[in-house]
Structure formats: structure tokens, C-alpha cells
1. Only one of (1) of a type in the set (Val, Ile, Thr); (2) assigned to a strand (DSSP E or B); (3) under 21 Å from the mean Cα position of the chain (by Cα) fails for Thr115. Which number is that?
2. Taking region 51-63 only, how many residues are more than 19 Å from Lys246 (Cβ to Cβ) and either outside any strand (DSSP E or B) or in contact (Cβ under 8 Å) with a residue 24 or more places away in the chain (or both)?
3. Going by what's in this entry, would His70 be described as more than 21 Å from the chain's Cα centre (by Cα) and surrounded by 15 or more Cβ atoms within 10 Å (Cβ to Cβ)?
4. Need at least 2 residues that are within 13 Å of the chain's Cα centre (by Cα), modelled with pLDDT of 95 or more and not β-branched (Val, Ile, Thr) per element, so show me which strands (runs of 3 or more DSSP E) inside region 185-273 make the cut, counting only ones lying wholly within it.
5. Determine whether region 155-163 contains at least one residue that is over 17 Å from Pro234 (Cα atoms), surrounded by fewer than 18 Cβ atoms within 10 Å (Cβ to Cβ) and in contact (Cβ under 8 Å) with a residue 40 or more places away in the chain.
Amino acid sequence: MPVYKIHHITRYEYDRPVRESTNEIKLYPFICREQETLQHDITITDSPKVEIYMDYWGNKTGSFNVLVPHRFLNIESRLIIRTTLGSQLHVNFHSSFTDLKKEMENQLLFLELATPDTIKATGAIKEIVDPILSSGKSVAATVEYFAEYVFKHFKYIKDVTSIETTIDEILAHKAGVCQDFAHVLLQLLRTAGIPSRYVSGYICPNKNGMRGEGATHAWVEVWIPGYGWAGIDPTNNVWVTNAHVKLAAGRHFKDCTPVKGAFKGPARQTLSLYVSVGYEDGHIFEELNNVKMSVQHSARPEEPIVEGLAGQQQQ
């Protein structure tokens, strides 16, 4: 069972002082059987009090404010975690959609997670989904087919999408990063009636050339009858392994954003993200990204409220 040391820094810098910075963080490892937290420390500029709570989706979430004027904000997470999955996930490939329907009865959360978004390209999605549903494949085999479809038909290209890119736009681009791959797969799965959720986390480099290694990553979890939640990574066309570390889960990316917040002040901000993954043998993998930010103006133009979703479009 591998042990990873993950160092994740989110740094905001402003060209003039800002104030009343309100933030939400989802940097805490998800509590599940697939991983065990050995140590976790979060350090924030000015050491504000962090209120901890569990959100609707079961994610450990922190909320804090930095009220005094400041020119930068650092949020630093140092995590030592052991993953308990094997190098290959063994899911139940025998359960049918009839089995799934039985397990979904009277489960409102499953109903919510099995309802697709309303998009313009519904017809195109159904053209992909309907032939597979009529083929008699098991639930797990159907999930594999859709993950492989996304992997083969969408190009992995950075900087062609953003955190605001819609599913219709992704379908038009036929390209994106792991966040986009996950959202398209979710639309396919939910159109097929399979409960599925977006997962935020890290994929730790394993020298297999998997895309998104070393950075914040995204994949999908599906409910497999007779098994439970199983993760599948459409960016790499694999079921999740012990190289995947899970932070949060939800219906979409915005339910799992590692860091997001807003501040008051007529300032421009820049955001940089640093992630390093260390191994027991001392090897370290590092990645640094500078991120484009979005601005949301308030009623008083001299004091814009800037919202940064940690820009963390997950790679």
C-alpha cells in the first residue's frame, strides 16, 4: 500500500491591498475505505480560524475569513496519505440494470445523481447512449464503454476550456482536460440512468504516462450494484488505482472546488498553484501552474468582488 506526501500551495497575489477575503476549502482527504490519512496540516496566511463542517455531499469543508488588508494569501496543505486500493480495481461485471433499479428504489440521492443536465446536445448524447442500453451490457461494462468513448473521441489539450466551459461547448471542442472529460462522462452515464458523481483529487505519478499526473485531477465515481461506488478515470481510460487520492465528491466540479472565495478591493489578482508528490523512496514530482482569474463586479465599481475558483481547472 503506497504512501504519498502531497504538498499543495494555492497562492493569490494582489497588485494593491484587498480586504474581507472569504474563502472555502475542500483540501481534506475524503473519508472512505480506499485511503487512510496519516497526517494533514493546513497553514493559511495570518492563521485565521477555520470553521470545519461536512457539506451535503459528505465532503469535509473549511471556511475562513481574512478581514485585514493584505497583498497576498497563501493556503498550504501538507498531506501524508496511504492508499489501500490495489493497482487494479475489481468491480462487479455481472450486475444488470434491473439490479441497479432495485438498489435505486426510494434513494433520493441516487435519483439526483442519475439525472442528466439539461443541455442543447441531448440528441447527440442519446445517439451514443441508446444503442448501448439496448445491447444488454452489464452496468460496469456500460460504464467502461462510455469512459473509453470519451477517451477516444476527445483530445487532451490544456487551455482550450475553463472552469466555466459548458458541456455543449466541450462537445463542440471535442477537447479539454480531465475536468471536461469527467463532465462529458457524467452526462453519458446519467442519460443512461446510472448514479454517478464528480470526484476531485490528485493522481500521483507512477511512470505509466497517465495524463494529469502530479496536479489536481478529476474523475468519476459510479454506483455498481453489488459493489458500491467505483471510480473510473476517463482521461486515462482506467478504473481508479492506488495512485488516485480523493479529496471531494459531488454532482459537478463546483461542488468539489479545492479553493474558492471572494474579496473586496479594486485590485487585480494572480493565482499560482504548486503541487508536489513525494514517495517513500525520496523521489519528488513537482508542478507549478499560473491560472487565469475571473472578475465579478459589485454594485460599487470602486470595490469589485473578485471570485477565484482556485482557477483550479483540474488537469
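The values are calculated or read from the model by the stated rules, or taken from the named source; none is laboratory data. If you're wondering where the values come from, they're calculated on a predicted model, not measured in any experiment. Positions of Cβ are backbone-derived with ideal geometry, glycine not excepted, and every protein chain shown enters the neighbour counts.
1. (2)
2. 1
3. Against the criterion (more than 21 Å from the chain's Cα centre (by Cα) and surrounded by 15 or more Cβ atoms within 10 Å (Cβ to Cβ)), His70 qualifies.
4. Filter on region 185-273 gives 196-203, 216-224, 228-233, 244-250.
5. Within region 155-163 (the criterion being over 17 Å from Pro234 (Cα atoms), surrounded by fewer than 18 Cβ atoms within 10 Å (Cβ to Cβ) and in contact (Cβ under 8 Å) with a residue 40 or more places away in the chain), the answer is yes, since at least one residue qualifies.
Per-residue answers, yes or no, for (1) in a strand (DSSP E or B); (2) surrounded by 13 or more Cβ atoms within 10 Å (Cβ to Cβ); (3) over 22 Å from the mean Cα position of the chain (by Cα):
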{"site": "His8", "(1), (2), (3)": "yes, yes, no"}
{"site": "Thr22", "(1), (2), (3)": "yes, yes, no"}
{"site": "Tyr28", "(1), (2), (3)": "no, yes, no"}
{"site": "His40", "(1), (2), (3)": "yes, yes, no"}
{"site": "Asn65", "(1), (2), (3)": "yes, yes, yes"}
{"site": "Leu85", "(1), (2), (3)": "no, yes, no"}
{"site": "Phe110", "(1), (2), (3)": "no, yes, no"}
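Quick grid of which residues meet (1) touching a helix residue (DSSP H, G or I) at 6+ places or on another chain (Cβ under 6 Å); (2) of a type in the set (Lys, Arg); (3) under 25 Å from Arg268 (Cβ atoms):
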| position | (1), (2), (3) |
| --- | --- |
| Thr45 | no, no, yes |
| Val50 | no, no, no |
| Arg71 | no, yes, yes |
| Arg82 | no, yes, no |
| His94 | no, no, no |
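For every residue, the table says whether it meets (1) at pLDDT 95 or above; (2) more than 18 Å from the chain's Cα centre (by Cα).
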| position | (1), (2) |
| --- | --- |
| Ser135 | no, yes |
| Ser138 | yes, yes |
| Tyr156 | no, no |
| Glu164 | no, no |
